[in-house]
């Protein structure tokens with residue numbers, strides 16, 4: 001790992017908790033003020049990932065997850081969409097939660113408010129905007145459930 005492989009910015013009053021035996025070799029991480037990034041034990045990242053908890057929200061990744069290259073996770077749209085008459089914000093930030101033993105394939109995106117249940121699989125290039133139940137495969141843009149009642153193994157059988 002070299003300095004060019006990791007770019008981590010941790011702002012004030014935030015938390016960045018990393019469990020035991022986590023493999024993270026390349027990343028762009030920005031933990032905004034009052035935000036939280038938690039990565040559970042034995043979770044591995046196989047290439048460049050982008051993790052951006054901001055606006056006092058959390059990204060929480062469970063234990064025993066496998067996260068491929070090019071994955072993006074963010075709690076914000078990074079711009080405010082407001083009503084013209086009142087200026088009320090319409091797109092508030094929301095947390096992102098990834099359960100235990102989740103496989104996220106390359107170039108998948110988990111947008112604000114994404115919740116991925118235990119033992120789920122997120123397909124390559126999927127864009128998750130809501131909830132993926134446990135033991136399901138989600139794929140596409142926007143991500144949809146394409147298979148239920150599954151789990152995964154890191155070995156080929």
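Only the coordinates and a few stated rules stand behind these numbers; no lab work does. Being a predicted model, the structure only gives us computed values, none of them experimental. No Cβ is skipped: glycine too gets one built from the backbone with ideal geometry, and neighbour counts run over all protein chains shown.
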| query | Once the chain is represented by equal point scatterers at the alpha-carbon sites, with solvent omitted, what log10 I(q)/I(0) does the Debye formula produce at q = 0.08, 0.18 Å⁻¹? | reply | -0.22, -1.06
| field | Separation of alpha-carbon centers, segment 12-49 and segment 110-125, rounded to whole Å | value | 17 Å
| query | Where q = 0.11, 0.22, 0.25, 0.26 Å⁻¹, what log10 of I(q)/I(0) comes from the Debye formula for segment 68-151, counting one point per Cα? | reply | -0.31, -0.93, -1.13, -1.20
| query | When ranked by the protection proxy of mean other Cβ atoms within 10 Å per residue, highest first, what sequence do the peptides 10-23, 48-61 form? | reply | 48-61, 10-23
| request: Normalise the Cα radius of gyration of segment 1-85 by 2.2 N^0.38 Å (N = residues in it) and let me know the number. | output: 1.16
| Points 7 angstrom from Cα along the Cβ direction at residue 25 and residue 11: gap in nanometres? | 3.1 nm
| note | Length gained if residue 50 through residue 146 is fully extended, taking 0.36 nm per residue and subtracting the Cα-Cα distance, is 32.0 nm
